[in-house]
Amino acid sequence: MKRDVLLFDLDGTLTDPKPGIVGCIRFALDQLIVACPADDALVQYIGPPLRATFGTLLGTADAQRIEEAMAFFRQRFSVTGLFENQIYDGVPAMLERTGRAAAARYVATSKPAVYAERIVKHFGFAEHFRKVYGAELDGRYDDKAELLAHLLATEGLPPDSAVMIGDRANDVRAAKANGLRAIGVLWGYGSERELVEAGADVLCRAPNELADLVNLR
């Protein structure tokens, strides 16, 4: 049977970044003296590109204002928020199991690659991935569809050889824009409805279900 290339989202799929991301958004808004929503309201912004998040939270399309918020976010994130994060239960075992069935595995995240690489290394699962693909600090590849197109072109992968695995609608939509199959995971921050409406081919409720699915292919 054909072995798939697996593309894993990071936030909400491999690790739970809530304390770090929420704390850094709050820090940025505090520095700008802007009222910040409650933490429970901020979790909806885990996953999508951060510039769009700040545009929404600041109620502006002013690029300079958004970049100012980004700078404050990164001021805290690069030192503290980066590691206010934890691996989801079951993910280490899932990575071990999928490694035996996948042709190759990559991380594909909207988070800047420079941070994603540090997180993957810090939590000890760099060995499971051939490479980490993420956005650039200047905003290139913030759009996940563009990021996946870049990954496929760089690695020389035909679309029918790869599967995107993620917890949010933007993961699924990016996969479909590039002709990829998409697996939605329900232990992160996206709802079942969100993933189904985006066009996920299948949903998995726990990491062991994902491993079972990959190993059955």
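For a quick check of your reading of the model, give me the residue pairs whose first member lies in the stretch 73-91 and is on the phi > 0 side of the Ramachandran plot, whose second is among the polar types (S, T, N, Q) and surrounded by fewer than 18 Cβ atoms within 10 Å (Cβ to Cβ), with beta-carbon atoms closer than 8 Å and at least 6 apart or on different chains.
Taking only residues 6 or more apart or on different chains, the pairs are GLY90/ASN208.
If ARG105 satisfies all but one of (1) modelled with pLDDT of 95 or more; (2) farther than 21 Å from LEU147 by Cα, what's the number of the condition it fails?
(2)
Can you tell me which of PHE83, PHE54, PHE72 is modelled with pLDDT of 95 or more and either touching a Ser or Thr at 6+ places or on another chain (Cβ under 7 Å) or under 30 Å from GLY124 (Cα atoms) (or both)?
Testing whether each residue is modelled with pLDDT of 95 or more and either touching a Ser or Thr at 6+ places or on another chain (Cβ under 7 Å) or under 30 Å from GLY124 (Cα atoms) (or both) leaves just PHE72.
Give the residues of the stretch 134-189 that are over 28 Å from ILE66 (Cβ atoms), hydrophobic (A, V, I, L, M, F, W, C) and touching a residue at least 60 places away in the same chain (Cβ under 8 Å), sorted by residue number.
Result: LEU157, ALA162, VAL163, ILE165, LEU180, VAL185, TRP187.
The values are calculated or read from the model by the stated rules, or taken from the named source; none is laboratory data. Quick caveat, the model's predicted, so the values are computed rather than measured. Every residue, glycine as well, gets a Cβ built from its backbone with ideal geometry; the counts of neighbours run over all protein chains shown.
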